[in-house]
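The values are calculated or read from the model by the stated rules, or taken from the named source; none is laboratory data. Because the structure is predicted, anything quoted here is derived from the model rather than measured. Every residue, glycine as well, gets a Cβ built from its backbone with ideal geometry; the counts of neighbours run over all protein chains shown.
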Amino acid sequence: MKRTIAFLLMAVMLVSLLTACGCKHEWAEATCTDPKTCTLCEETEGDSLGHSYLDATCEAPKTCRRCGKTKGDALEHEWAEATCEDPMTCTLCGATEGEALGHEWSESTCTEPAVCDVCGAEDGEPGEHTWLDATCEAPMTCEVCGATEGEPGDHVEGEAELADYDLVEATAVYDTPCTVCGEVISSETLTMPQLHSDGYFLLTPQDYVDRLYNIFTSETDLYCELYVNEDMDDVITCDMWSTVSDNMYFAYTYFYDGDYSLVEADSDKNMFFNEMWTILDCVSSDDVMDASTTLLAMILAIDPSLDVASATELVVELTANNAISYNGIDYTLEVYDEAEVELLFTAIVAG
Ligand SMILES: [Zn+2]
Ligand SMILES: [Zn+2]
Ligand SMILES: [Zn+2]
Ligand SMILES: [Zn+2]
Ligand SMILES: [Zn+2]
Ligand SMILES: [Zn+2]
């Protein structure tokens, strides 16, 4: 009996033991939706974990990192326009679509490398200037961009050209121009060696009168008035009168052209004459002195190469020989009218 009781006690104890434990739980870990759960008796412990969502992306909606459950929709891409270097790109996820546009390069210049007209990117190095040589007007200059370097160069000397002449003063101005810019680099005034050319005197009657007047004034003691007399029809007379010792003195000059026609005083066409006659009206012995002086002045007026000393020698020689040739001019001096005591002086361009 005691054993039976003991056995029963043990059985009861065992049953109560078993009842207290109930089940030997085998726990499954809690999930997003279920708490920790016994796989045998389904007893639970604690709470479910709840979903742990990752943010939605362009590709996927909000998604639970544990179970993959999604919520809502995926985002839309936010496209940024394609650029020279990048295709259309999502600012959120970096996804791309299409191609980059490519740069639109402008030509490089002397001073700038090639530049993209769209984005301003630069490529390579600036080009080289294309230099034109310096001239007298401009320094070395790039024909493309106009950049300059250094100083302008020298003028290029051309040939001297007759720029001006003065038949009264018997001077000629020769200008030496620059062949590039035309600027006159130098100017030279030369005494004309002669006042005749191609068989003609270059002087007009008025030039001769003006020149003779200058010479009378600068080289002689005579007071004189000279003028072209246009009163005597077509006959030009160059009336000179001078007073020395209250003595009046006259000389009449006639200009002839190549056909032995008298040159009209007021005609521009009669620029040339090749023969000059002067009648020296010597009334008294004082006039002879004045006539010599007038001869001297006339020879100086006709031939600018002479100085007073050489002209004086010519007058002496002419008086002695009645005919001389000098510097392309034939001079004669002869008695024109013995009764009136008139001398005829001629100057004729030789040839
Ligand atoms: Zn259990
Ligand atoms: Zn979940
Ligand atoms: Zn995106
Ligand atoms: Zn670009
Ligand atoms: Zn340049
Ligand atoms: Zn120049």
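Things to note:
- Hits in region 303-331 (condition: in contact with a helix residue (DSSP H, G or I) (Cβ under 8 Å, 6 or more places away or on another chain) and closer than 17 Å to TYR256 by Cβ): ILE329, TYR331
- Residues that are surrounded by fewer than 18 Cβ atoms within 10 Å (Cβ to Cβ) and in contact (Cβ under 8 Å) with a residue 60 or more places away in the chain within region 305-336 comprise SER305, VAL308, ASN327, GLY328, listed in sequence order.
- SER218 satisfies every condition listed in (1) modelled with pLDDT of 85 or more; (2) part of a helix (DSSP H, G or I); (3) surrounded by 16 or more Cβ atoms within 10 Å (Cβ to Cβ) except (3).
- Sub-7 Å Cβ pairs linking a first residue in region 80-99 that is under 19 Å from ASP117 (Cα atoms) to a second residue that is among the charged types (D, E, K, R), at least 6 apart or interchain, are PRO87/GLU97; PRO87/GLU99, ordered by first then second residue.
- Any strands (runs of 3 or more DSSP E) falling wholly within region 285-351 and containing at least 3 residues that are in contact with a Phe, Trp or Tyr (Cβ under 9 Å, 6 or more places away or on another chain) and at pLDDT below 95: 329-337, 342-349
- Residues that are closer than 26 Å to PRO177 by Cα and not in a loop (DSSP other than H, G, I, E, B) within region 132-153 comprise LEU132, MET140, THR141, THR148, GLU149, listed in sequence order.
- Region 102-131 - residue that is in a strand (DSSP E or B) and of a type outside the set (Asp, Glu) and, of those, nearest to GLU143 (Cα to Cα): TRP131
- For region 97-149, a tally of residues being loosely packed, with under 12 Cβ neighbours inside 10 Å and at positive phi returns 4.
- Verdict on THR191 being within 30 Å of PRO304 (Cα to Cα), modelled with pLDDT under 95 and among the β-branched types (Val, Ile, Thr): yes
- If you go through region 60-88 and keep only what is within 16 Å of ligand 3 (Cβ to nearest atom), under 28 Å from GLY98 (Cα atoms) and part of a loop (DSSP other than H, G, I, E, B), you end up with ALA60, PRO61, ASP73, ALA74, LEU75, GLU76, HIS77, GLU78, GLU81, ALA82, ASP86, PRO87.
- Residues of region 197-206 that are buried (at least 16 other Cβ atoms within 10 Å of the Cβ) and within 44 Å of the chain's Cα centre (by Cα): LEU202, LEU203.
- Per-region count, region 172-185, residues polar (S, T, N, Q) and modelled with pLDDT of 95 or more: 1
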